[in-house]
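Notes follow once the structure below has been shown.
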Amino acid sequence: MADNRPNGLKANKGIELLTWGTPNGWKASIILEELKEAYGKEYTWQGINIGQNIQKEPWFIKLGPNGRIPVIVDHDKGGFAVQEGLAILSYLTRHYDPDHKFSFSDPLDVSRAEQWMAWQHGGLGPMQGQANHFNRAAKERIAYGMQRYTGETERLVGILDSHLKETDYLVGNKYSIADIASFGWVNMLRFSGVDLDAFPNLKAWWERILARPAVQKGLSIPSKGGFGNDAYLQRLKDDKEFAEKEHGLMEAIAEAKKKYGYKYASP
């Protein structure tokens, strides 16, 4: 509704989140829900509809110069704004996770978490995002792009699957911001054209995190989306037309892989 379109900040205390229902947006909403449950840390949020380019408006750009969600504003620290999911995860736990329930105090574990977060920020997110673009958003299907980025996404999730073979979580066998950073992308692997069932350790990790109440709440901000793995499978069952289109897309991805001699390998 036009009347609900954000045109500036609405809070004057605490954390204010500007976000939308994407893997990057979920990073911020999930950690904020976890901090709320663990410490009673309340926050305010506004939905920034990226389809309406609200994130490109001058008031938003002043807070997040890259013109992307999510952005947080810490009104209790002079209106300090933080852009980029990785930086938001680090900022919020540095300032509001004193017991290190979702972060680490040991310097080596801090580094391990930073490494996995950097890996996601520079690898899984961009590559899976490109897979989504070439498989779904491009005006014409370009076989090379489809197999290149779907295959690279598979390679990267294979790294996660291997790492999770003997541990429940990415760092210190403890749920943390290292896991939250990648969770949102794994949560929509099926939509991206990747068979989650082919990566059993990763699937178990995804299910483990998905079961957390704060994660469920974070995934519902600003509203529950239809691109998560479970929602995607349910839609295949309920919507015949959607299932037929998806079947055609998966065949196109398979043909693109065949055309360029793609063979899965990880790492």
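At a glance:
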| item | result |
| --- | --- |
| Residue satisfying condition, being modelled with pLDDT of 95 or more and assigned to a helix (DSSP H, G or I), within set L63, L92 | L92 |
| Only one of E154, E114, E140, E84 that is farther than 29 Å from G67 by Cβ and either at pLDDT below 95 or of a type in the set (D, E) (or both) | E154 |
| Test result for W45, under 15 Å from the mean Cα position of the chain (by Cα) and within 22 Å of G225 (Cβ to Cβ) | no |
| Whichever residue in the range 186-225 is of a type in the set (D, E, K, R) and not in a loop (DSSP other than H, G, I, E, B) and, among such residues, is surrounded by the most Cβ atoms within 10 Å (Cβ to Cβ) | K203 |
| Residue among L32, L17 that is in contact with a Phe, Trp or Tyr (Cβ under 7 Å, 6 or more places away or on another chain), of a type outside the set (K, R), part of a helix (DSSP H, G or I) and under 20 Å from W185 (Cβ atoms) | L32 |
| Pairs with Cβ under 9 Å, 6+ apart, first in the range 36-50 and assigned to a loop (DSSP other than H, G, I, E, B), second β-branched (V, I, T) | K41/I15; E42/I15; I48/T19; I48/I54; I48/I69; I48/V71 |
| Complete set of residues in the range 241-251 that are over 16 Å from Q130 (Cα atoms) and in contact with a Lys or Arg (Cβ under 8 Å, 6 or more places away or on another chain) | F242, A243 |
| Considering residues of the range 161-179 that are small (G, A, S) and assigned to a loop (DSSP other than H, G, I, E, B) only, the residue nearest to I209 (Cα to Cα) | S176 |
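The values are calculated or read from the model by the stated rules, or taken from the named source; none is laboratory data. As the structure is a prediction and not an experimental result, all values here were calculated from the model. Every residue, glycine as well, gets a Cβ built from its backbone with ideal geometry; the counts of neighbours run over all protein chains shown.
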